[in-house]
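Asks: My structure is below; once you've seen it, I'll send some questions.
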Amino acid sequence: MIKQQKLVMSPYTDLYDLIIPKDNILRKIKNLVDFSFVYDEIIDTYCFNNGRGAIDPIMMFKYLMLKITFDLSDVDVVERSKYDMSFKYFLDIAPEASVIDPSSLTKFRKLRLKDSNMLDLLINKTVSIAIKKGILKSKSIIVDSTHTKARYNQLSPRAILVEQSKLLRKSVYEIDEEMKSKFPKKVSNGILEDQIEYCKKLIAVIEEDDNLSQYPKVKEKLNLLNESIDDDIEQLTLSKDEDAKVGHKTADTSFFGYKTHIAMSEERIITSATITSGEKHDGKELETLIVKSKKAGVKVETVIGDAAYSEKENIVYAKGNDIKLVARLSECVTHGNRKNSNKFEFNKDAGMYVCQEGHMAFKKTLQKKNNTQKNQMEQYFFDVNKCKCCPSQKGCYKEGNKTKTYSVTILSNPHKEQIKFQESEYFQEKSKERYKIEAKNSELKHRHGYDVASATGLKGMHLQSAVTIFVVNLKRILTILDGK
């Protein structure tokens, strides 16, 4: 078995005590967490009797943490570890020691972590720390999902290059506005290859000015753009991220990417998470989130969520497991006896059904009861032009039909107990806790780059979410401990 690399003895190690404050976040995390668990998770990806010794896995994992914590590119996180003493201290290397090559970090992600179950492992690790420290006491979890746009969208990653080049130019203008006249002419033809070529020319102009390119805020954006260009050239053979799907935030807005379904304690510590493609329904992940939270050591007596989680199956599951489901009913969750329910999911934000390919209905009608009908029916209409070329049309759309509809029966009164529970004081009080998870989603996106996937595919999304949630949970634990 691999053994953890020890801090190399050096006559300069005392500098760490002099330079790094006791309240430095990296010092706190280092003191809080025993990272030896990393070995047990990835030991099978290493060969011990062939080739030269590998770089310490814990050091590589810590590099990923630094990258997420400070939202840096591979190049910049390694560059900063050359001179930032808090980085070196966290990485367990001597002040004068050399650092890794940035390419090693890419290989570590792709080769060592590709088949690991890091998401559950890292969440469970932070939950166990929180329980051990006596700061996770609530018996309620708050559930919600947050969307992450695919790194490679349906058309191309051109928009990302446009945005990154814009931010790079902006950082340059803050230093020298005269550079505007030297920059190449922007392209707007929508062709990825042309945008890449423009970005290369932009980078070349900036790098010609040695002083300008060395400004930290310029250099970091330069490195991020360079990294994106390298990734895009590698991915040009892909038409899109094959694992990502279209999801709908409202009837008028959509995204192409993934959903992270999250359960969080009232102390704002994430207790479980699942990753799906963007079109998946939030409510279907509730049982899994509860089971994973319990496995992590959390006692779950109450679940707090929005209307997406109040479908009949979840109400029945919660009652059968002595769990109070604080999720307000909406008209959509009273739908029952649906045919092809595995192919059509209700989007509570848009108020429309979505098919398995991510296409949303564009209108609905209500059929009133007559003498032969016991319940009302709702019909949802889909765009036939999309159905005609849909890869899943077999068994769903009959060729030649001028319309495609999906009908659901609205049961008159299947949720009497839940309706009564909604009126209780307990329900009203617990509902007030739901805002906490919306703030957590915002933190993930705006502070740790979780709004856009850093790699392609579900495996890459799993790794990104694992490290991001691990960092966010540790920061929350430290905040609570500091407040005691």
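The values are calculated or read from the model by the stated rules, or taken from the named source; none is laboratory data. No experiment lies behind these values; they were computed from the predicted model shown. In this analysis, Cβ positions are derived from the backbone assuming ideal geometry, glycine residues included, and neighbour counts consider all displayed protein chains. Please note that ligands, DNA and RNA were not included when accessible areas were found on the heavy atoms of the full protein model with its side chains. Shrake-Rupley method; radii C 1.70, N 1.55, O 1.52, S 1.80 Å.
Asks: Can you pull out the residues in the stretch 425-484 that are open to solvent by less than 30 Å² (accessible area, probe 1.4 Å), among the aromatic types (Phe, Trp, Tyr) and within 21 Å of residue 327 (Cβ to Cβ)?
Replies: If the condition is that a residue be open to solvent by less than 30 Å² (accessible area, probe 1.4 Å), among the aromatic types (Phe, Trp, Tyr) and within 21 Å of residue 327 (Cβ to Cβ), then 427 is the only one that fits.
Asks: How about the stretch 211-220: which of its residues are within 17 Å of residue 79 (Cα to Cα) and without any contact (Cβ under 8 Å) to a residue 60 or more places away in the chain?
Replies: Selection gives 213, 214, 215, 216, 217, 218.
Asks: Kindly check whether there is at least one residue in the stretch 208-215 that is farther than 30 Å from residue 360 by Cβ, exposed (fewer than 13 other Cβ atoms within 10 Å of the Cβ) and at pLDDT 90 or above.
Replies: So far as the stretch 208-215 goes, yes, one or more of its residues are farther than 30 Å from residue 360 by Cβ, exposed (fewer than 13 other Cβ atoms within 10 Å of the Cβ) and at pLDDT 90 or above.
Asks: While we're here: Pairs, please: C-beta under 7 Å, at least 6 apart or cross-chain, first residue within 16 Å of residue 227 (Cα to Cα) and in the stretch 196-209, second among the aliphatic types (A, V, I, L, M) and exposed (fewer than 14 other Cβ atoms within 10 Å of the Cβ)?
Replies: Listed by first residue and then by second, the contacts come to 196/233.
Yes or no, residue by residue, for (1) of a type outside the set (Gly, Ala, Ser); (2) at pLDDT 90 or above:
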residue	(1), (2)
122	yes, yes
132	yes, yes
148	yes, yes
153	yes, no
156	no, no
160	yes, no
170	yes, yes
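Asks: Now a separate question. Out of the stretch 188-216, which residues are assigned to a loop (DSSP other than H, G, I, E, B) and either of a type in the set (D, E, K, R) or closer than 21 Å to residue 151 by Cβ (or both)?
Replies: Answer for the stretch 188-216, where residues must be assigned to a loop (DSSP other than H, G, I, E, B) and either of a type in the set (D, E, K, R) or closer than 21 Å to residue 151 by Cβ (or both): 190, 191, 209.
Asks: Then there's this: Considering every residue within the stretch 405-423, establish whether at least one is open to solvent by 30 Å² or more (accessible area, probe 1.4 Å), closer than 30 Å to residue 224 by Cα and either at pLDDT 90 or above or of a type in the set (Gly, Ala, Ser) (or both).
Replies: Within the stretch 405-423 (the criterion being open to solvent by 30 Å² or more (accessible area, probe 1.4 Å), closer than 30 Å to residue 224 by Cα and either at pLDDT 90 or above or of a type in the set (Gly, Ala, Ser) (or both)), the answer is no, since none of the residues qualifies.
Asks: Restricting to the stretch 434-465, give me the number of residues that are farther than 22 Å from residue 158 by Cβ and of a type outside the set (Ser, Thr, Tyr).
Replies: 16
Asks: I would also like to ask the following. Which of the numbered conditions does residue 219 fail, given that it passes all the others? Conditions: (1) within 29 Å of residue 473 (Cβ to Cβ); (2) part of a helix (DSSP H, G or I); (3) at pLDDT 75 or above.
Replies: (1)
Asks: Same structure again: Against the conditions (1) surrounded by fewer than 22 Cβ atoms within 10 Å (Cβ to Cβ); (2) out of contact with any strand residue (DSSP E or B) (no Cβ under 8 Å at 6 or more places or on another chain); (3) at pLDDT 90 or above, where does residue 199 fall short? Just the number, please.
Replies: Every condition holds for residue 199 apart from (1).
Asks: Can you tell which of 403, 479 is of a type in the set (Val, Ile, Thr) and over 33 Å from the mean Cα position of the chain (by Cα)?
Replies: Values: 479 fails: over 33 Å from the mean Cα position of the chain (by Cα).
None of the other options fit; the residue is 403.
Asks: Farther than 30 Å from residue 421 by Cα and at pLDDT below 90 - does that describe any residue in the stretch 281-297? Steps first, please.
Replies: So the first thing to find is which residues in the stretch 281-297 are farther than 30 Å from residue 421 by Cα, and the list is none.
No, the stretch 281-297 contains no residue that is farther than 30 Å from residue 421 by Cα and at pLDDT below 90.
Asks: Quick check on this structure: which one of 166, 170, 180 is under 30 Å from residue 249 (Cα atoms), open to solvent by 90 Å² or more (accessible area, probe 1.4 Å) and free of Cβ contacts under 8 Å to residues at least 24 places away in the same chain?
Replies: Numbers: 170 fails: under 30 Å from residue 249 (Cα atoms); 180 fails: under 30 Å from residue 249 (Cα atoms).
After applying the criteria, what remains is 166.
Asks: When the residues of the stretch 293-331 are filtered to those that are of a type in the set (Ser, Thr, Tyr) and under 14 Å from residue 427 (Cα atoms), which remaining residue is surrounded by the fewest Cβ atoms within 10 Å (Cβ to Cβ)?
Replies: Step by step, filter the stretch 293-331, then rank; the result is 302.
Asks: Here's something else I'd like to know. Take the residues in the stretch 77-102 that are in contact (Cβ under 8 Å) with a residue 60 or more places away in the chain and assigned to a loop (DSSP other than H, G, I, E, B); name whichever of them is most open to solvent (accessible area, probe 1.4 Å).
Replies: 96
Per-residue answers, yes or no, for (1) open to solvent by less than 20 Å² (accessible area, probe 1.4 Å); (2) under 16 Å from residue 462 (Cα atoms); (3) of a type in the set (Lys, Arg):
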| position | (1), (2), (3) |
| --- | --- |
| 104 | no, no, no |
| 117 | no, yes, no |
| 130 | yes, no, no |
| 133 | no, no, yes |
| 139 | no, no, yes |
| 142 | yes, no, no |
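Asks: If you don't mind, there's one more thing I want to ask. For the stretch 341-372, enumerate the residues that are among the acidic types (Asp, Glu) and either assigned to a strand (DSSP E or B) or at pLDDT 85 or above (or both). Full working, then the answer.
Replies: Of the residues in the stretch 341-372, the ones among the acidic types (Asp, Glu) are 345, 349, 357.
Across the stretch 341-372, the qualifying residues are 345, 357.
Asks: Looking for something within 25 Å of the chain's Cα centre (by Cα), modelled with pLDDT under 90 and part of a loop (DSSP other than H, G, I, E, B) - is there at least one such residue anywhere in the stretch 431-449?
Replies: yes
Asks: While we're on this one: Residue 125 - would you say it is part of a loop (DSSP other than H, G, I, E, B), touching a residue at least 40 places away in the same chain (Cβ under 8 Å), open to solvent by 30 Å² or more (accessible area, probe 1.4 Å) and under 27 Å from residue 33 (Cβ atoms)?
Replies: So residue 125 does not fit the description; no.
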